[in-house]
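Asks: Just passing along the structure, written as structure tokens.
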Amino acid sequence: MFATPSTFSTGGKWIEQKARDFLEHVKTEGLACTILMRDLDKAFSERFNSVFTSRGIDVKPVGPRAPNLNAFIERWIQSLKQEVLDHFIVFGQSHFDYIVHEYIDHYHEERPHQGIGDLLLASRGEPDNEDVDDEVTTLSMADIRCKTRLGGILKSYTRVA
């Protein structure tokens, strides 16, 4: 997940720079981008589209009132709202950016994802340990650590090594 700092001014130069920032993120992460799906917001001008099309990326605007065409990001935004933002009164732009970035870090590093077998996104690609014994081990509370973010709104639990 990639998120830029929030702004009240989404002019042509700002949105064009965010497009370049996104492409730099894709390059840094070693990802491939062949199609960019975006909504019909008027901030996405031809200058924004040209940043992508000049690199051979096909820009596809989704239809009006069609959230299912962009379901993955819509679901992620719903998770952000329900798991974090609904619990805060946001005091300014920097506070909002801090909350969003804390959630993104939690989402990538600590939150299990049902769609990939309750694994962490950070652990994807690691080999499965099929040789591990299926023996059930009882843990005491001293063997479990709780990491909290945002004053305890976000929690993750790990075993002591």
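The values are calculated or read from the model by the stated rules, or taken from the named source; none is laboratory data. Since the structure is predicted, the reported quantities are computational estimates derived from the model, not experimental observations. Every residue, glycine as well, gets a Cβ built from its backbone with ideal geometry; the counts of neighbours run over all protein chains shown.
Asks: Considering every residue within the stretch 35-42, establish whether at least one is within 14 Å of the chain's Cα centre (by Cα) and surrounded by fewer than 14 Cβ atoms within 10 Å (Cβ to Cβ).
Replies: No.
Asks: Go through the stretch 63-104 and give me each residue that's aliphatic (A, V, I, L, M) and either on the phi > 0 side of the Ramachandran plot or free of Cβ contacts under 8 Å to residues at least 40 places away in the same chain (or both).
Replies: Residues satisfying the conditions are Ala66, Leu69, Ala71, Ile73, Ile77, Leu80, Leu85, Ile89, Val90.
Asks: For Val59, indicate whether it is in contact with a helix residue (DSSP H, G or I) (Cβ under 8 Å, 6 or more places away or on another chain), more than 30 Å from Thr34 (Cα to Cα) and not in a helix (DSSP H, G or I).
Replies: So Val59 does not fit the description; no.
Asks: Could you check the stretch 1-30 and list, in sequence order, the residues that are charged (D, E, K, R), touching a residue at least 12 places away in the same chain (Cβ under 8 Å) and over 11 Å from Ser45 (Cβ atoms)?
Replies: Lys18, Arg20, Asp21
Asks: Restricting the search to the stretch 31-56, which residues are over 18 Å from Asn70 (Cβ atoms), in a loop (DSSP other than H, G, I, E, B) and at pLDDT 90 or above?
Replies: Passing the criteria: Ala32, Ser54, Arg55, Gly56.
Asks: If the Cβ limit is 8 Å and pairs must be 6+ apart or interchain, which residue in the stretch 105-124 that is of a type in the set (Val, Ile, Thr) pairs with which residue that is loosely packed, with under 11 Cβ neighbours inside 10 Å and at pLDDT below 80?
Replies: From the stretch 105-124, the pairs are Ile116/Arg124.
Asks: Next up: The conditions are (1) surrounded by 14 or more Cβ atoms within 10 Å (Cβ to Cβ); (2) part of a loop (DSSP other than H, G, I, E, B), and Leu23 fails exactly one of them. Which is it?
Replies: Evaluating Leu23 over (1) surrounded by 14 or more Cβ atoms within 10 Å (Cβ to Cβ); (2) part of a loop (DSSP other than H, G, I, E, B) leaves (2) as the failure.
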